[in-house]
Ligand SMILES: CC(C)(COP(=O)(O)OP(=O)(O)OC[C@H]1O[C@@H](n2cnc3c(N)ncnc32)[C@H](O)[C@@H]1OP(=O)(O)O)[C@@H](O)C(=O)NCCC(=O)NCCS
């Protein structure tokens with residue numbers, strides 16, 4: 001059964017969060033893990049909008065935090081499906097931090113999350129392809145395809161190494 005392609009616009013997500021005391025460390029800046037959890041949620045919503053299926057996170061590529069986000073700031077999280085293959089898709093997530101008192105705006109981090117759609121038995125299941133329409137969407141599609149190749153090679157290597165290692169290293 002072939003599934004009809006969808007444009008990234010159809011599943012785009014924009015989330016807004018306020019940095020509260022429970023999100024921060026002793027310096028009054030946000031914990032990286034809190035940002036990661038918001039990234040994961042935005043990516044899951046985006047992938048579910050695209051696939052109309054239950055999804056799980058297969059991987060999150062290396063994430064770099066380029067600037068701190070402070071207590072009381074607003075965090076804008078944008079997520080779009082860049083590319084979809086048979087059962088998985090790459091969601092690009094951008095984190096923009098906003099100081100509400102000064103209108104300062106920082107691009108704090110970007111992440112590439114691979115989500116896999118599962119059927120009722122918890123097995124990977126086919127999803128619709130992505131149909132990029134704009135120049136930007138086409139660029140993101142091509143770049144995502146290149147990242148997929150590198151990511152799967154890395155996974156293969158990690159699997160090979162972990163198969164060779166005993167469960168508990170001395
Ligand atoms: C992700 C998961 C469903 C993949 O299952 P699997 O048996 O390895 O399935 P497959 O090898 O058939 O791969 C299914 C798809 O996932 C992709 N995939 C698997 N591991 C991946 C990884 N580490 N990074 C990126 N994509 C991955 C495959 O490329 C394939 O995509 P495609 O069909 O579009 O080509 C399985 O590893 C799993 O359940 N992991 C735990 C997920 C989870 O619990 N996440 C929450 C945080 S722990």
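Sorting 63, 115 by the number of Cβ atoms found within 10 Å of their own Cβ, with the fewest placed first, yields 63, 115.
Each label was represented as a point 7 Å from its Cα along the Cα-to-Cβ direction; for residue 134 and residue 106 these points are 2.6 nm apart. With a cut-off of 14 Å, note down the residues of the stretch 67-90 whose backbone N falls inside the zone around a label point 7 Å from the Cα of residue 58 toward its beta carbon. It comes to 82-90, nothing else. Taking Cα atoms only, the orientation of helix 32-51 departs from the longest principal axis of the chain by about 40 degrees. Remark: 107, 50 ranked as 107, 50, counting other beta-carbon atoms within 10 Å and listing the fewest first.
Maximal additional length on extending the residue 146-residue 70 stretch stands at 23.9 nm, based on 0.36 nm per residue less the C-alpha distance. I'd like the distance between the alpha-carbon centres of the stretch 24-47 and the stretch 109-162, rounded to an integer number of Å. The stretch 24-47 and the stretch 109-162 have Cα centres spaced 21 Å from each other.
Projected label points at residue 155 and residue 98, each 7 Å from Cα along the beta carbon direction, are separated by 3.5 nanometres.
Legend: ranking of residues 66, 101, 118 from fewest to most surrounding C-beta atoms inside 10 Å; resulting order 101, 66, 118. In the stretch 13-170, inverting the average of 1/r over every pair of distinct C-alpha atoms gives 17.1 Å as the Kirkwood radius.
Computed from the coordinates by the stated procedures, all read-outs in this text should not be read as laboratory data. As the structure is a prediction and not an experimental result, all values here were calculated from the model. Note that we place each Cβ from the backbone using ideal geometry, even for glycine, and neighbour counts take in every protein chain shown.
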